[in-house]
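Reading through the structure tokens given below for one structure.
The values are calculated or read from the model by the stated rules, or taken from the named source; none is laboratory data. From a predicted model like this one, the values you see are computed outputs, not experimental measurements. So basically every Cβ, Gly included, is an ideal-geometry build from the backbone, and we count neighbours across all protein chains shown. In case anyone asks, the SASA skips ligands and DNA or RNA and just uses the protein heavy atoms, side chains included. Shrake-Rupley method; radii C 1.70, N 1.55, O 1.52, S 1.80 Å.
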Amino acid sequence: MTAPRSNLPGCLPGMSQTAGRPWPMGASVDSGGVNFAVFSANADLIELCLFSGDGRREVARLRFFERDGDIWHLRVDGMMAGQRYGLRAHGPYAPEEGHRFNPHKLLLDPYARAFDGRLRGSDALMGYRVGSTRGDLSFDTSDSAFSAPKSLVVADQAAWGEDVAPRRPWSETVIYEAHVKGLTARHPLVPAAARGKYAGVASDEMIAHYQRLGVTAVELLPVQAFFDDRFVLARGLTNYWGYNTMGFFVPEPRYGGLAEFRDMVRRLHRAGIEVILDVVYNHSGEGDEFGPTLSFRGLDNQSYYRLAGGGRHYANDSGTGNVLNLSHPMVLRMVMDSLRYWVECCHVDGFRFDLATILGRQTHGFDAGAGFFAAIRQDPVLSPVKLIAEPWDIGPGGYQLGAYPQPFREWNDRFRDGVRRFWRGDVGMVPDLAKRLLGTAESFDHHRRAATSSVNFLTAHDGFTLRDLVSFTVKRNLANGEDNRDGHAENYSDNLGVEGDSADPVVVAARALRQRNLLATLMLSQGVPMLLAGDEMGHSQGGNNNAFAQDNATSWIDWTRADTELTAFVARLIRLRAAHPVLRQRHFLHGRIRPEDGLSDVIWRSADGSTPEPGQWHDPAFRCLCLELRMNTQRPLERDTIFAAFNMGPPLCLTLPDTAPAWRQILDTTRPDAPDVLVLSGLIMPAHSVHVFTPDRPRGPQ
């Protein structure tokens, strides 16, 4: 395409242009200037556009006149950090062939370390003429620079100094999933300037809360720079969750800058807390063919995206309009460079990969040996950090629970749904509960994977909160502007007799007990537990189970209304889990005999102490499942035993195993504050409750 007419100088006074080098990618600063390197396999020409200090005026335009393969590069001597810039790419505008070059559109550098300015809604951002009868096949010549953010040249950050990563083993990990803004926006004790920011996440008040609970890792919803979707803005809402990434190297500026982000990590590490980032490498914020041209589309649409329909349309396994093409080596390189940047420059401890099936989908389908997985597994920087997959998407063969290679862990929706259904009272759920308690071995126990492969959760950002799970049977998403069509329709929830809020003490007590039972099941199961921020204090979203656009009091945790008794109970559960290695084993349990004591590592029991008969497992009246746990035969020197009973039925007599002369009851969900008590042989177990016992071992002479 013909370049936009321009009388701009090639360089500013005090600057000069040389060839530069094709590495590293993006803008890199040294004492004499800045080197730029940009990938495009199909462009005919790329230009570097320089802007004034306020970002409003384009003041110079320089051509990249050197190219090594598909890397365009130049160096500008005399340029310093802080320079605002953008890119323009010239080439064919042929959507049917997958090309959408339009040099009238200012583009963000995919490797930019910071952005300046906000994205302003404008038709000028579109590569096609909005309203044209030819749709996206038309070509728009309006300059988008006035409405597009600018990339910012950033100098390398100073050394970290004394920061030490906690390096928690998976068997000791308890994850706390949180949104940067929603976590502290309404916290009265967090300094006002830090609320809703990176600083708030690591404030003294929040660190004290994490340590009180006993969580070991904070998993943050997307913090890589994202833009608000036009359809969300049209409803007067914002993209609150942030699953619309446009800057894979840029901390989201609405929460603070890079220095603030790094300080957050440093403070959390000092407190022994790891930082895990929820990252979105499956798609970008440019949407489908009717979305804006902001970066990747304009630089090389055919390379960056997986295309369909001969090239004009986009694969949409993400449900957001496009899918990044990780089969292309330069796109995969960008993702790997981004991951390494967050580990090396920002010291994060791990990643949760959104819609991870897309990352491993090849032309023949999902492949655990795909290039993305292979690249991470061999990488000396990335292979040691925590890696968590969301093992599904909406594409063909998208559900891949248990199919990811070591060292990946996986979100386990079977745990979520099975435990919800058991405590809701659905019949026939005892066999499923047994599988969840032992780490969903039927999905994960293969290829020498660890028993910590399952990330167990009851709730997450996507869906009901725990309080809403026991208060609503029907989602209430009208505020999202989609006539309540969005969000999950089947939540396996139960309102305990009244829909929504209730002041009835009977209902309130039943809901409190149900929450405690659910949480106890989470913390007593093999795998890695994840807690949704706010669940420990009774946070409600008013029945909204898809609050992706609710940047308001719906999603922000109200700390002034915290259920302190529930918080204390969650802390007690986490302490119990931490004190008993038998609850967080690295090896799966299979009912094998331990040679050191002749006892099985797991024994299933009925309430009367007997071993359930095969037919009993599927008896609708079988509502109380008990199990006796010991350490796997791989850990013979570990001496720890737990007996737990999960009763969703009526009150009954519970007979304790005869493998110990006496047992000490350490948990009763009907009496959350009760102290430990010695039990000789049995007790009456209340309806709808969880009880935990350990063998009583006298510490001195009788």
Subject >> Failed condition for ALA568, given (1) among the aliphatic types (A, V, I, L, M); (2) out of contact with any helix residue (DSSP H, G or I) (no Cβ under 6 Å at 6 or more places or on another chain); (3) closer than 30 Å to GLY534 by Cα; (4) not in a helix (DSSP H, G or I) >> reply: (4)
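Restricted to region 102-125, and to residues that are among the hydrophobic types (A, V, I, L, M, F, W, C), out of contact with any Pro (no Cβ under 6 Å at 6 or more places or on another chain) and in a loop (DSSP other than H, G, I, E, B), which residue is most open to solvent (accessible area, probe 1.4 Å)? Spell out how you get there, then give the answer.
Residues of region 102-125 among the hydrophobic types (A, V, I, L, M, F, W, C): 106-108, 112, 114-115, 119, 124-125.
Filter once more, so that each one left must be out of contact with any Pro (no Cβ under 6 Å at 6 or more places or on another chain): 106-108, 112, 114, 124.
Still in the list and also in a loop (DSSP other than H, G, I, E, B): 106, 108, 112, 114.
On the way: LEU106: 5, LEU108: 5, ALA112: 3, ALA114: 21 Å².
Of everything passing the filter in region 102-125, ALA114 is most open to solvent (accessible area, probe 1.4 Å).
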Original post:
Mind checking whether some residue in region 443-463 is free of Cβ contacts under 8 Å to residues at least 60 places away in the same chain, outside any loop (DSSP other than H, G, I, E, B) and touching a helix residue (DSSP H, G or I) at 6+ places or on another chain (Cβ under 6 Å)?
Top reply: no
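Which one of these is among the β-branched types (Val, Ile, Thr), out of contact with any Pro (no Cβ under 6 Å at 6 or more places or on another chain) and crowded, with 22+ Cβ neighbours inside 10 Å: VAL218, VAL232?
After ruling out the rest, the residue left standing is VAL218.
What number of residues within region 87-101 are out of contact with any Phe, Trp or Tyr (no Cβ under 7 Å at 6 or more places or on another chain) and assigned to a strand (DSSP E or B)?
Step one: list which residues in region 87-101 are out of contact with any Phe, Trp or Tyr (no Cβ under 7 Å at 6 or more places or on another chain), which gives 87-88, 94-98.
Next cut, assigned to a strand (DSSP E or B) only: 87-88, 94.
Final tally of qualifying residues: 3.
Quick check on my filter: what residues within region 672-682 are open to solvent by less than 40 Å² (accessible area, probe 1.4 Å) and either closer than 22 Å to PHE422 by Cβ or of a type in the set (Asp, Glu) (or both)? Break it down into steps so the answer makes sense when it comes.
Here is the first cut: in region 672-682, the ones open to solvent by less than 40 Å² (accessible area, probe 1.4 Å) are 672, 674, 679, 682.
Within region 672-682, just PRO672 meets the criteria.
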Original post:
Name the pairs whose Cβ atoms lie under 6 Å apart, with the first residue in region 14-25 and closer than 25 Å to MET334 by Cβ, the second outside any loop (DSSP other than H, G, I, E, B) and open to solvent by 60 Å² or more (accessible area, probe 1.4 Å), and 6 or more positions between them or separate chains?
Top reply: ALA19/GLU66; PRO22/ASP68
Subject >> Output for region 150-207, where each listed residue is in a loop (DSSP other than H, G, I, E, B), surrounded by fewer than 22 Cβ atoms within 10 Å (Cβ to Cβ), aliphatic (A, V, I, L, M) and touching a residue at least 60 places away in the same chain (Cβ under 8 Å) >> reply: VAL154, ALA155, VAL164, ALA165, ALA185, LEU189
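Going through region 126-149 one residue at a time, which ones are open to solvent by 70 Å² or more (accessible area, probe 1.4 Å) and either touching a helix residue (DSSP H, G or I) at 6+ places or on another chain (Cβ under 6 Å) or over 25 Å from GLY53 (Cα atoms) (or both)? Can you show your working first?
Step one: of region 126-149, the residues open to solvent by 70 Å² or more (accessible area, probe 1.4 Å) are 129-131, 133-134, 141, 146.
If the condition is that a residue be open to solvent by 70 Å² or more (accessible area, probe 1.4 Å) and either touching a helix residue (DSSP H, G or I) at 6+ places or on another chain (Cβ under 6 Å) or over 25 Å from GLY53 (Cα atoms) (or both), then ARG129, VAL130, GLY131, THR133, ARG134, THR141 are the ones that fit.
I need the full set of residues from region 372-399 which are in a helix (DSSP H, G or I) and either open to solvent by 40 Å² or more (accessible area, probe 1.4 Å) or at pLDDT below 95 (or both), in order please. Walk me through it before giving the result.
Residues of region 372-399 that are in a helix (DSSP H, G or I), as a first pass: 372-378.
The answer is ALA374, ARG377, GLN378.
Could you grab me the full set of residues in region 529-546 that are at negative phi and within 17 Å of the chain's Cα centre (by Cα)? I'd like the intermediate steps shown before the answer.
Restricting attention to region 529-546, the residues satisfying the condition of being at negative phi are 529-533, 535-537, 539-541, 544-546.
Answer for region 529-546, where residues must be at negative phi and within 17 Å of the chain's Cα centre (by Cα): PRO529, MET530, LEU531, LEU532, ALA533, ASP535, ASN545, ASN546.
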Original post:
Among the candidates PHE588, PHE646, PHE622, which residue alone is within 13 Å of LEU524 (Cβ to Cβ), in contact (Cβ under 8 Å) with a residue 12 or more places away in the chain and open to solvent by less than 50 Å² (accessible area, probe 1.4 Å)?
Top reply: PHE646
**OP:** Pull up region 298-311, narrow it to residues that are closer than 13 Å to GLY287 by Cα and either out of contact with any Pro (no Cβ under 9 Å at 6 or more places or on another chain) or outside any helix (DSSP H, G or I) (or both), then point me to the one that is least open to solvent (accessible area, probe 1.4 Å).
**Re:** TYR305
**OP:** Mind counting the residues in region 339-369 that are free of Cβ contacts under 8 Å to residues at least 40 places away in the same chain, open to solvent by less than 40 Å² (accessible area, probe 1.4 Å) and over 20 Å from GLY319 (Cα atoms)?
**Re:** 1
Subject >> Candidate set from region 591-619 (those that are under 24 Å from ALA579 (Cβ atoms) and not in a loop (DSSP other than H, G, I, E, B)); member that is most open to solvent (accessible area, probe 1.4 Å) >> reply: TRP604
Original post:
Quick one: is GLY91 open to solvent by less than 20 Å² (accessible area, probe 1.4 Å) and in contact with a Leu (Cβ under 8 Å, 6 or more places away or on another chain)?
Top reply: yes
